[in-house]
Amino acid sequence: MTHPIEDHGLLRLLTCGSVDDGKSTLIGRLLFDSKSILADTLHAITKTSQRRGMQDVDLSLLTDGLQAEREQGITIDVAYRYFTTGTRKFIIADAPGHEQYTRNMVTAASTANLAIILVDARKGVLTQTRRHSYLAHLVGIPHLLVAVNKMDLVDFSQNRFEEINRDYLAFAEQLGIREVQFIPLSALNGDMVVERGDKLNWYQGQTLMEILETTPSAQRRHAAPFRFPVQYVCRPQDASNPRLHDYRGFMGRVESGSIAVGERVTVLPSGLSSTVKAIELGGEALADAATEQSVTLLLADEIDISRGDMIVKTGELPTQTKQLDATVCWLAESPLDQARTYLIRHTTRDTKAKLADIAYRVDVNSLEKQTVNQLAMNDIAKVTFKLAQPLLVDAYAQNRGTGAFIVIDASTNNTVGAGMIS
Amino acid sequence: MFFSQQQTAYQHLSHLDWLEAEAIHILREVAGQCSNPALLFSGGKDSICLLRLAEKAFRPGRFPFPLLHIDTGHNYPEVIEFRDRKAAEIGERLIVRSVEDSMQRGTVVLKHTDEPRNKHQSVTLLEAIEEHGFDACIGGARRDEEKARAKERIMSFRDEFGQWDPKNQRPELWNLYNARSHKGENIRAFPISNWTELDVWQYIEREGLELPSIYFAHTRPIVYRQGAIVPVTDITPAKAGEEIVDLQVRFRTVGDITCTAPVISDADSLEKIIAETATTTITERGATRLDDQASEAAMEQRKKEGYF
Ligand SMILES: Nc1nc2c(ncn2[C@@H]2O[C@H](COP(=O)(O)OP(=O)(O)OP(=O)(O)O)[C@@H](O)[C@H]2O)c(=O)[nH]1
Ligand SMILES: [Mg+2]
């Protein structure tokens, strides 16, 4: 018997955009029309919709799973939904549109490979559309798709669609977004989602589902230098087993690039070099390992290595620095405080950090650079941190894995900021 | 930048390999960041996957955590037998804490004797966390199981009362997990958050994992009750007037006997189960959980109170 699902890997995407543009409804529509909603779930949301006096099934109930969300008809936090078509597994994150919950949108964006940015055809490009586009671009989502939704409310007008495209492109150009696709649709009625419908015949492009099925999930990080932050050191110290007696396995996930047995590596920050003796996964030997694989590396020489160290190929070293210049998105209610010491987590390493300087804050609407001396929730700014211990970094634009960090408030242990190294 | 031609030929990981690599990474982060974690192991299919993932993450070393089971005392004997055998086979420590002990201590009070004990597991779990000082519990919950779970972070913070605050979750960016907590607080870590029921079955088949026998089609006495199939056992006898019939069934999930129902099926192999799962029209919980149907927000409520 053959497996019901062919394997074309996995695509992670999110829906974002302004409040009430129809993000949750669109996901509901995608799941519904791709027959990924099972009968009992449909029955439950139909009952809820009826109880609330609606005529049709409210598809946003499929992702708005919290009581508070259902009561208010809004999305508060990200919901993850899963579906497969004949060719692929999809993980969709439904992001909230309200500005107040921007941090949850950033959470969803950080792992996505494609962003569907919804625009209400009646309202056009709004501040939140710009904010989310800016954030999607900032975290480096490779594929941006602008979905002009609620076309049913503007008589499926091609003019209106093209007008919004022009507005959006003007903003995108300022941001330096090079590639963006546009699609008109009605999430409520389903036009151009899975089915083409018969109201948008002037649109010649692919349906949303066709776009999702053909977007490459290729991992660009293969071409980047090898980066292996050590998560955990395996030392069984089993005296009775000669093979395990001296076993030292360095466990981690390949953040970028690839490595093969026999290659020369350098361990940082010590700077000592060795050769890869073996690569293992669950006790099985592998010849090589590449981006996103979790493996164990064994080296030919005995070198002291612990969590937080990084193994790289000799000759392809990252930058070692005690100062971070970065774009930061502030996520906490309490402002970023120049007087306080924070914790920065970068790969598997933590260090204390203090804000040294705010170069400017970006106004997401005008993209104007503003001088400020404090950062409040949802602010995006170019800043400099001083670090207690050096970190091993690459620019975020070159390498997501070694270019990203989070800021933690050690008093609450909350994650309060997200940073992308310049 | 340097890279050789043959390395760029590498395309992508298959979806199972990707999910596996993500789960291993999460398990190692828990081990690296937390000082005293535990892995919840019930003998069910999700925790069987977790066990294999932990082997892949930490062998040839020992697991950096014990296994923990919160036993309601209402489990199928096949599952308990499997749980004990499996823990012994892989040579890891298994801690069992039972809801019945909490009942004796008076911390769990039942309204009536035959009520489902599922939700009372929270009390016993929190007691076990306190007793052992666990700062993290690794669980096999999946986001596709239920709408409140679909909202939960991979590293989910719980306060000192074990409560989840869904409106105030920590941002979770990239693969930079924040598993920090103060004494008395707790992290729930979910390495297979992004797996679906189908992924789980496919992984079990690919890895050749053994399962308790009741996951496969077998003949069992049941009664029909309010449209649900209720297995007839010592704990759940037939009520007066109910007709007992023998049916070919299997379990999609094996929880507390009083609230887990089987489905009619003749799938007696993993291949057949996978085929059925790929074409089913009812969700895992919808088909099998008698406790979630109580109200629309039953799961969210239980989670806020410390449930997994
Ligand atoms: N007419 C029409 N209405 C739509 C369409 N898509 C969504 N809506 C309606 O717009 C309203 C908001 O939809 P949601 O899906 O909840 O919006 P959202 O973007 O998820 O909102 P937040 O997550 O709270 O930002 C609902 O009443 C939908 O029924 C559409 O294509 N046409
Ligand atoms: Mg929404």
Quiz item: Which condition number in (1) under 22 Å from B:PRO171 (Cα atoms); (2) open to solvent by 50 Å² or more (accessible area, probe 1.4 Å); (3) within 16 Å of ligand 2 (Cβ to nearest atom) is the one that A:ARG130 fails?
Solution: (3)
Self-check item: segment A:85-98, subset outside any strand (DSSP E or B) and within 16 Å of ligand 2 (Cβ to nearest atom), residue most open to solvent (accessible area, probe 1.4 Å)
Solution: A:HIS98
Quiz prompt | Matching entry among A:SER274, A:SER270 (being open to solvent by 60 Å² or more (accessible area, probe 1.4 Å), more than 12 Å from every other protein chain (Cβ to nearest Cβ) and more than 30 Å from A:PHE182 (Cβ to Cβ)) | solution = A:SER270
Exercise. Sort through A:VAL312, A:VAL230, A:VAL267, A:VAL295 and tell me the only one that's more than 28 Å from the chain's Cα centre (by Cα) and among the aliphatic types (A, V, I, L, M).
Key: A:VAL267
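Residues checked against (1) within 11 Å of chain B (Cβ to nearest Cβ); (2) crowded, with 21+ Cβ neighbours inside 10 Å:
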| residue | (1), (2) |
| --- | --- |
| A:LEU135 | no, yes |
| A:GLY140 | yes, no |
| A:HIS143 | no, no |
| A:VAL148 | no, yes |
| A:MET151 | no, yes |
| A:ARG166 | no, no |
Quiz prompt | For A:GLU69: the one exception among (1) among the acidic types (Asp, Glu); (2) under 29 Å from B:ARG170 (Cα atoms); (3) more than 10 Å from ligand 1 (Cβ to nearest atom) | solution = (3)
Self-check item: Only one of A:ILE5, A:ILE45 that is more than 9 Å from chain B (Cβ to nearest Cβ) and at pLDDT below 75
Solution: A:ILE45
Quiz item: How many of the residues making up segment B:174-188 are over 21 Å from A:GLU255 (Cα atoms) and open to solvent by less than 10 Å² (accessible area, probe 1.4 Å)?
Solution: 3
Quiz item: Given segment A:7-84, what helices (runs of 4 or more DSSP H) lie entirely inside it while holding 1 or more residues that are touching a residue at least 40 places away in the same chain (Cβ under 8 Å)?
Solution: A:23-33
Practice problem: Scan segment B:257-282 for residues that are touching a Leu at 6+ places or on another chain (Cβ under 9 Å), of a type outside the set (A, V, I, L, M, F, W, C) and under 23 Å from A:PHE83 (Cβ atoms) and report the count. | Solution: 3
Quiz item: Residues in segment B:109-121: is at least one in a helix (DSSP H, G or I) and either surrounded by fewer than 21 Cβ atoms within 10 Å (Cβ to Cβ) or within 14 Å of chain A (Cβ to nearest Cβ) (or both)?
Solution: no
Self-check item: Conditions (1) open to solvent by less than 60 Å² (accessible area, probe 1.4 Å); (2) free of Cβ contacts under 8 Å to residues at least 24 places away in the same chain: number failed by A:THR371
Solution: (1)
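Residue by residue, here is whether (1) in contact with a Gly (Cβ under 6 Å, 6 or more places away or on another chain); (2) closer than 30 Å to A:THR347 by Cβ; (3) at pLDDT 95 or above holds:
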{"residue": "B:ASN194", "(1), (2), (3)": "no, yes, yes"}
{"residue": "B:GLY208", "(1), (2), (3)": "no, no, yes"}
{"residue": "B:VAL230", "(1), (2), (3)": "no, no, no"}
{"residue": "B:THR236", "(1), (2), (3)": "no, no, no"}
{"residue": "B:ALA240", "(1), (2), (3)": "no, no, no"}
{"residue": "B:LEU247", "(1), (2), (3)": "no, no, no"}
Quiz item: Do any residues in segment A:232-254 that are at the interface with chain B (Cβ under 8 Å from one of its Cβ atoms) have Cβ atoms under 9 Å from those of residues that are open to solvent by 20 Å² or more (accessible area, probe 1.4 Å) and of a type in the set (S, T, N, Q), where the two are at least six apart or on different chains, and which pairs are they?
Solution: A:LEU244/A:GLN237; A:TYR247/A:GLN237; A:TYR247/A:ASN241; A:ARG253/A:GLN293; A:ARG253/B:ASN175
Exercise. Being of a type in the set (Asp, Glu), within 19 Å of the chain's Cα centre (by Cα) and modelled with pLDDT of 95 or more narrows it down to one of A:ASP394, A:ASP379, so name that one.
Key: A:ASP394
Practice problem: Please tell me if A:ARG400 is at pLDDT below 95, of a type outside the set (Gly, Ala, Ser) and touching a Gly at 6+ places or on another chain (Cβ under 8 Å). | Solution: yes
Quiz item: Taking segment A:176-214 on its own, how many of its residues are at pLDDT 95 or above and in a strand (DSSP E or B)?
Solution: 5
Practice problem: Please tell me if A:ALA289 is part of a strand (DSSP E or B) and either at the interface with another protein chain (Cβ under 8 Å from one of its Cβ atoms) or open to solvent by less than 30 Å² (accessible area, probe 1.4 Å) (or both). | Solution: yes
Quiz item: Of the residues A:LEU212, A:LEU281, which is buried (at least 16 other Cβ atoms within 10 Å of the Cβ) and away from chain B (no Cβ under 12 Å)?
Solution: A:LEU212
Quiz item: Does A:SER334 fit the bill of being in a loop (DSSP other than H, G, I, E, B), surrounded by fewer than 21 Cβ atoms within 10 Å (Cβ to Cβ) and within 14 Å of another protein chain (Cβ to nearest Cβ)?
Solution: yes
Quiz prompt | Positions within segment A:410-422 being closer than 20 Å to B:LYS183 by Cα and open to solvent by 10 Å² or more (accessible area, probe 1.4 Å), in sequence order | solution = A:ALA410, A:SER411, A:THR412, A:ASN414
Quiz item: From the list B:GLU115, B:GLU160, B:GLU172, which residue is in the same structural domain as B:GLY44 (by TED's automatic domain parsing), out of contact with any His (no Cβ under 9 Å at 6 or more places or on another chain) and in contact (Cβ under 8 Å) with a residue 24 or more places away in the chain?
Solution: B:GLU115
Quiz item: Which is of a type in the set (A, V, I, L, M) and either within 21 Å of the chain's Cα centre (by Cα) or away from chain B (no Cβ under 12 Å) (or both), of A:ILE76, A:ILE37?
Solution: A:ILE76
Quiz item: Of all residues in segment A:47-63 being touching an Asp or Glu at 6+ places or on another chain (Cβ under 8 Å) and open to solvent by less than 10 Å² (accessible area, probe 1.4 Å), which is nearest to ligand 2 (Cβ to nearest atom)?
Solution: A:THR63
Exercise. Filter segment A:105-126 for residues that are open to solvent by 10 Å² or more (accessible area, probe 1.4 Å) and either more than 10 Å from chain B (Cβ to nearest Cβ) or within 12 Å of ligand 1 (Cβ to nearest atom) (or both) and give the result.
Key: A:ASN113, A:ARG122, A:LYS123, A:VAL125, A:LEU126
Quiz item: From the list A:ASP304, A:ASP350, which residue is in a strand (DSSP E or B) and open to solvent by 40 Å² or more (accessible area, probe 1.4 Å)?
Solution: A:ASP350
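The values are calculated or read from the model by the stated rules, or taken from the named source; none is laboratory data. Everything numeric in this text was worked out from a predicted model, so none of it was measured. Note: ideal-geometry Cβ built from the backbone for every residue, glycine included; neighbour counts use all protein chains shown. Surface areas here come from the heavy atoms of the whole protein model, side chains and all, with no ligands, DNA or RNA. Shrake-Rupley method; radii C 1.70, N 1.55, O 1.52, S 1.80 Å.
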